[in-house]
Structures are given as C-alpha cells and as structure tokens.
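In what follows, a single structure is set out as structure tokens and then discussed.
The values are calculated or read from the model by the stated rules, or taken from the named source; none is laboratory data. None of these values were measured; they are calculated from a predicted model. No Cβ is skipped: glycine too gets one built from the backbone with ideal geometry, and neighbour counts run over all protein chains shown.
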Amino acid sequence: MTLENSFVEIASILGLATFLGVIGQKLRQPLIIMFLATGILAGPSALGIIQSHNQIELLAQIGIALLLFIVGLKLDLHLIRTTGPVALATGLGQIVFTSIIGFVIAITLDMSLLSAAYVSVALTFSSTIIIVKLLSDKKEIDSLHGQIAIGFLIVQDIAAILALVGLTTFGSSLGEEGRVYVTALTIAAKGLGLLGIVALLMKYVLPSLTRRLAHSLELLTLFAIAWAVFLGAGSELLGFSKEVGAFLAGISLASTDYRDSIGGRLTGLRDFLLLFFFIDLGARLEWATVGSQIGASLIFSLFVLIGNPLIVLIIMGLMGYRRRTGFLAGLTVAQISEFSLIVAALGLSIGHISNETVGLITLVGVVTIFLSTYMILYSAPLYNFLSGPLKIFERRNPYREAAIDTVKETAPVDVILVGLGNYGSGLAEYLLRRNKAVLGIDFDPGALERWRKRGMSVLYGDMTDPEIHEHLPLHKTRWVISTVRSREMNLALVNNIKKQGVNCKFTLTATSEAEAREFRKAGAHLVFRPFADAAERGADALAYAMDFLPETVNWPISFLDVPIKSDSAVVGRTLREISLGSSTGISILAVSRGGRIHYEPASDFRIFPADRLLIMGPPEELKEAESFLNQRDAQKDGGSTDRFEIAEIRVADDSKLSGQSLGDLRFRQKYGATLIGIRRGEAQITVVPPKLLLLAGDRLIVIGTSRAVERLKSQEPL
C-alpha cells in the first residue's frame, strides 16, 4: 500500500498510532512500544504506508532536540544532593557494573568490540519519562525509593549526554590514531568556546530577555523552541551532535523563573514529535536481520530485567537501606530507555554499528519496557513473594532508614497518624494544638523531616509493606487514623489491627460514600470524608458570602470572615462575655452556622465551634480581632483529661438503686451517666423503659465520663 499524498500519509500514520495507543492503554503499556509497533506496521515490512522518510526524519530530529532540551531544563542537581550519596553511588555503580557485564556478555556472543561497546552502553540507561509516569500514577514519586530512583535516573541522563558527546566528537576519528590527539584538542577548544558563550548568555542576556518575552506566554514558548533548535544546529556545525546543543539550551534556561511554564508547554509537543522518532526507527528495522537477533535479545533482556535490579539492590543494601527500598528502586532500572535507541540510531548513522545491532537493541527495548512496566505496577505483590530470599541484601541494621525514625519505645501515643500529606498534616496540626501525643507515619522523607523539626515522633514506612505493621506501637495507642486514600491499604491496616487483637480504635479516610460504607462494615469507628465535608463547609461559606457580604464602597472600613476554631477561647461564651467591641473596636455583623445566617446577633448569642463571624471595622484592627477570636483556651489545653468510658456496675443488695425505676431516680440528671442496658441473670435488656424497676444483682451497662462512672459506683449523686 503506497500513498502519493504526504498529508494523507501522515494522517494515516497518526490514525494507526492512535489506534495502537488505545490498545497499549488497555494493556497499561507506555506509548513508546505502540509507536515502535506503528512504525513496523506502517513500514515496508508490513503495510508500506511510509514514503516520506525525509519529512518524518526531520520531525524526529526536532523531537529528540526538544527531549534533550527539556532534560536540561529540568535538570535538578539539588535532588541528587538531597537524596544523599546514594543517588550518585547507585547511578554510577549501576552504569559501571551494567556496562562491564553487558560488554562481557556481548563479547561472549561473538559480537565485535565496537558493537559490544554500543550494546553495553545502551543497556545502562533507563527511561526517566516512563519511570516518572509510573511512579506518579502509583503516587510514589515522593517516597524514599521514588526520590532515590529519580536521583540516579538524573545521573543516567547526564551519562547519556556525555556518551552522545563522545560518540559524535570522537566517532569519526576512531581508527585514525595519528589524528586522535589533534581531534581531541580541537574538539576541546570548540567545546570550551561553546560553553563559554552559553555561560555569558545565561548571565547577561537570557534572564532579561525571558522577562521581556514572558509578557506573552506564546512568544516565550516559541523562543524556547527556537533557542533549542538554534543551539542544536550550532552545535552540529561545530562538530558536536544537535542533541548536545539542545541539552545546553535547556540548561541555559533552567535557572530562570520560567523553566516550569516552558517545560509544561513543551512536554506535549515533545511527546508528539518523539512519536515520529519511534515510528521512523520501527520502519527502518529490517526483519530479515532482526530475526537472527532474537536469541541474543532474550539473553540481554533477562540481564536487564534481573541483573540491573540486583545491582541496585546490592549497592543500596551495602549503603544501609532496607531491602524493600532497594528492590522498589531497582525495578526502575529493569528496562532500557529512549536514550538507548537514540544512541543506537546515532551509531548506525556514523557507521559504527549495523542494522543487526540496532535491531538487537530495539528488541531488548521492547521486551524490557513491556515486562518492567508490569513489574513496577505490581511491585507490592512481587516484593511480598520475594521478600524472604531478598533478606540477604539487607544489613542487620539498615541504619540510613532507621535514622529517619524518632519513635520512643516507652512513650505512649494518643494517635498514630498514617499519611502526612495536606489533609494528614492539617490533622496533625490541630491534634498537636490539643496537646495530643502523635506518631506520624509517611513514606516521604521530606514530610517526616518537617514534622520531626516540630518535635513530633515520626516513623518512615509505606503501609503497603507488611513489615511496617510489625513496627507500629498499636499496644500503646488509643487511636489509629489513616488519611491515605487507598481502599486496599486501609483495609489491610484494619485487618492487621484486628489480627493483633489490640484495644485501639481506628479511623479511615474514604473518597466516596460506597467506600465509607465498606469501611464502616469493616469495623471503622470513624470515617472521614474530607471532600464531602469540605464541600459542605464551602457551600455554607459561599451562601453566607453571597447573601450578606456587602459590595465594596469607597470608605475606610473593611469586612472579614473569621471561622472559629474548636479550641478557641471564645467557644461557649456569649457575645457579651467576649466584648469584642470594647477590646478591639470591631463590630460583629452576622454569624453563619450550619448554612443559616444570624443577622445582628444579640449580646446573649453564644458562639459555637465552626461558626463563621462576619466582622467589620478599620482594616488595621481586623487582623488583631481575628487573632483575638481564635486564641486558644489555656484551660482546654491543660485542663481535665476526663473522657467517656463504658462500665458494668452491679446493683448491690443494700443499694439505694434497688427497687426504683429510672423515672423515679431521674438517673441521668442525678448521676451524669446514661444507662444503655441491663444484664439480669442470663437475660440482656437492651432497651430500658423509664418504668422498669432496678433489682438487686442487676448489672448496669452505663456510659459516661470517667468521673461520672466512679460517682455512680459509689452511688453519689451529682
């Protein structure tokens, strides 16, 4: 099938890519594999759609330039420093060991030295794009293993750039020993000149230029593309590759304030243009030569799928990380990347390797990307299956992760709080305001560090790890609260608490009403619905603002909406007792409560928690009034520790309760406790009518404060 119209040809290719992309999405596969499949199907070995090779190759080259530009733009050396030496050590160690072992395997398979070198280099790189996408989908990008993985993937990206520089600058002089030194000096001089020019532009030109262009985001985006392509073309004219120039263009803009907006705008364009690179690569595969590489590709694929994770696991184990962290980080290098295919294509273009070697690297890429995707998606059950044998890769004292924890073995805790994201951190803040002892658990080292500095006990852990449950001090806590929005994780936590038989209550966070019902059925004592609760509060606030907040007038007076915190000193007091006007000169115009607005409240109006007060006064006084209204009640902070409890109390033979009914006794008013049932012999009375007489020997099931229960035991009235 051939098409004479290039536009129709491109349209057919894009339609085929979309169709295969939908199939890939159903299989939960990265689009790279589907794009290669598109090239294979559209190429001469199948449908023969592709005829405009030059146009597709040009789009592919621009796509690669944008890929390297965005890599340079987002190069975050700070991340390597914050993840400690593990990112650099693991990244470099994996590159060295993978390349050496890969080279030995290639030589064993009778490959030439140059082909073996290309294959070994291609095996060392992992796809940052794919890994970041998978970790983000699993919400593990901020976890310890996620941060370490991103750190050493950056190291790999830098190594890939250096490999491209080496191939393009010294590739043509290989075999000409007399010219190597001259070539090296010439290239070094050109490279230093290019770096010097870019450095001067970074310091004196690009910051002010981007500020001017930033008035139009479209113009700033156009400049970024033009700068990447221009510097890539200039780099190629100097004897380097266009990829090196595009990478430097990205670095030159990485220090500006607009790197994130530029990167966000170009990511979609990059992905679209890279489509043509993979289509072009797939179309150029010669299946007559590729077929002979199937055996070798399976050997290299097994090495990448098993050997690369083992290398990372060994290095991280020696550096003091738990085997689970090393295993999860190691899975991220169980595939080769788009950089590997770019290196292979470059080697073919300068005559270093043959189509057979390119086909071998491409087959390894397809197999490893396909299988490693499922390995990462199902990393939790895979680890559970292998956790026993993996113990040999963990030190007796994994000191790096143990150093994160600040749990005191003997200290009791009121609340174990699982998850310190936005919602969890808010809960921690208010629990600490109420002088509760909180143990925070999260897999984000940054979140743990912030709360450790606040003096809160923290424990590094991922609730998908069954071993973390063994470290939870469940026997020393009253409540376990999970703010993690994962049904499977929450149910696993509940099952573990029940299995241990500890006497603590637990609260789970649900994302839907159906999930909330399932959690209640599982035995959750409380279920949080943050979105539903926030929506109700937001609707109340909006209705309040829509109904009452006045229009802006040209007068030196302002209005402020103040929500009252539950531990505020004004809670339970009347407006007369608060005397806000006399203390700050501010007037209370209205109070919103539960969706109802109370206009001009009287002086005996009592303030409740979560009320919203509309106050009016001079602008400089409003903030002072807000602080006054939400001052914490010191008596609440350091006051009674009394709480509700359920008790069983026997009515003695000489008790004053014997022979009297609840109505006669005025039980609740007199003793401050509620009678919820009676054990009478073998019978259980769960509904107690007011006229039922209490008998000697009855066992009363009552609920009330600990003081009220003690008073009832001694039969002392209020």
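Please state which one of ALA116, ALA37, ALA65 is assigned to a helix (DSSP H, G or I) and either touching a Cys at 6+ places or on another chain (Cβ under 8 Å) or at pLDDT 85 or above (or both).
ALA116
What residue, among those in segment 421-453 that are in contact with a strand residue (DSSP E or B) (Cβ under 7 Å, 6 or more places away or on another chain) and charged (D, E, K, R), is modelled with the lowest pLDDT?
Across segment 421-453, the extreme among qualifying residues is ARG433.
Looking at the structure I just gave you, is ARG576 under 22 Å from LEU622 (Cβ atoms), at pLDDT 80 or above, in a helix (DSSP H, G or I) and of a type outside the set (A, V, I, L, M, F, W, C)?
Yes.
Would you mind listing the strands (runs of 3 or more DSSP E) fully within segment 662-713 where at least 2 residues are among the small types (Gly, Ala, Ser), surrounded by 14 or more Cβ atoms within 10 Å (Cβ to Cβ) and within 51 Å of the chain's Cα centre (by Cα)?
673-680
Any residue at all in segment 262-270 that is in contact (Cβ under 8 Å) with a residue 60 or more places away in the chain, farther than 15 Å from LEU206 by Cα and not in a helix (DSSP H, G or I)?
Within segment 262-270, none of the residues are in contact (Cβ under 8 Å) with a residue 60 or more places away in the chain, farther than 15 Å from LEU206 by Cα and not in a helix (DSSP H, G or I).
So TRP451 ticks every box in (1) touching a Gly at 6+ places or on another chain (Cβ under 6 Å); (2) more than 26 Å from LEU135 (Cβ to Cβ) but one. Which box is left unticked?
(2)
What's the total number of residues in segment 336-392 that are more than 26 Å from the chain's Cα centre (by Cα) and outside any helix (DSSP H, G or I)?
Total satisfying the criteria: 6.
When segment 431-448 is examined, which residues are found to be part of a helix (DSSP H, G or I) and closer than 12 Å to LEU144 by Cα?
PRO445, GLY446, ALA447, LEU448
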